[in-house]
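What follows is a single structure, written as structure tokens, with notes after it.
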Amino acid sequence: MRFIHEVFPTIVFFVVYQFTDLFTATFAYLSSTGYQAYLDWKIRRKISKLVLINLSVLSVVAFSSFLFNDENFIKWQPTIVNWLISLIFASYVLVYEQTLVERLFGAHFQLKAQDWLIMNRLWSAFFFTIGALNLLVAKHFDSNTWVNFKVFGMMALLAGFFLLQRVYLLRNSRLRH
């Protein structure tokens, strides 16, 4: 159920885009992301940081796109969000003396400090790369291709990366009970 909640705005964006245009789909994406934040608050009494980051960036790029009548701002949103996530992974260890990956998975897996650091760097590099790929597709392909990459390509890359990380964790760690 949480997965559906997480991808709901992207599904809304894609469906609306199929019947309208990028601006209308972005408005629907922004509205559904706002609704996602509302549901987070209503159910858990807190809004996830990722939803807040996405909603904040989306609000700025959507407003800019509407103001300047330029869909390029919309296309930059995934890059900005992914680069922010990359920066968070890269800088987390400087503030908390622990990698973000270890914070996320450390309760379940036991790894050497060096392995946590390697994994954290991979996560940071992955999100940076996804952001760069988004810029490449946005700049060199039409809007239909970009929408398909945003919805399906990025999700497939993320799923593949998560799967590889899971395999690495299972091979190189001990499960904590």
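FYI, it's all coordinate maths here, none of it is from the lab. Keep in mind that what you see is a predicted model, and the values were worked out from it rather than measured. Note that each Cβ is placed from the backbone with ideal geometry, even for glycine, and that neighbours are counted across all protein chains shown.
Note on the chain: Rg/Rh from Cα positions, Kirkwood definition for Rh, rounded to two decimals, is 1.00.
Among ASN144, ASN134, ASN120, determine the one that fluctuates most according to a GNM of the chain built with springs between C-alpha atoms less than 10 Å apart. Comparing ASN144, ASN134, ASN120 in the GNM, the peak value goes to ASN144.
Pairs of Cα atoms nearer than 8 Å and 6+ residues apart set the relative contact order; for the stretch 1-119 it is 15 percent.
Think of the chain as having a plus end and a minus end, set by charges on the Cβ of Lys, Arg, Asp and Glu; of LEU135, TYR35, SER64, TYR35 sits farthest toward the positive end of this dipole. The alpha-carbon of LYS49 sits under 17 angstrom from the alpha-carbons of these aspartates and glutamates, leaving out residues fewer than 8 places away in its chain: GLU6, ASP40. Summarising the amide proton neighbourhood of PHE109: residues at separation of 5 or more, or on other chains, whose placed amide H is nearer than 5 Å comprise ARG176.
Using alpha-carbon positions, what is the distance between the centroids of the stretch 118-177 and the stretch 76-97, in Å? Cα centroid to Cα centroid, the span is 14 Å. Listed by number, the DSSP H helices of the chain that run 30 Å or longer by alpha-carbon position along their axis and have mean Kyte hydropathy of at least -0.5 are 22-44, 72-96, 113-140.
Calculated on the Cα set of the stretch 51-119, radius of gyration then Dmax: 16.6, 51 Å.
Can you give the net charge of the other residues whose Cβ lies under 11 Å from the Cβ of ILE74, counting K and R as +1 and D and E as -1? Local charge sum for ILE74: -1. Of all lysines in the structure, those lying under 16 Å Cα to Cα from LYS139, and not within fewer than 8 positions of it along the same chain, are LYS75, LYS150. May I ask for log10 I(q)/I(0) of the stretch 76-177 at q = 0.16, 0.18, 0.22, 0.23 Å⁻¹, from a Debye sum over the Cα atoms as equal point scatterers with solvent left out? Once normalised to I(0) and log-transformed, intensities are -0.73, -0.86, -1.10, -1.15.
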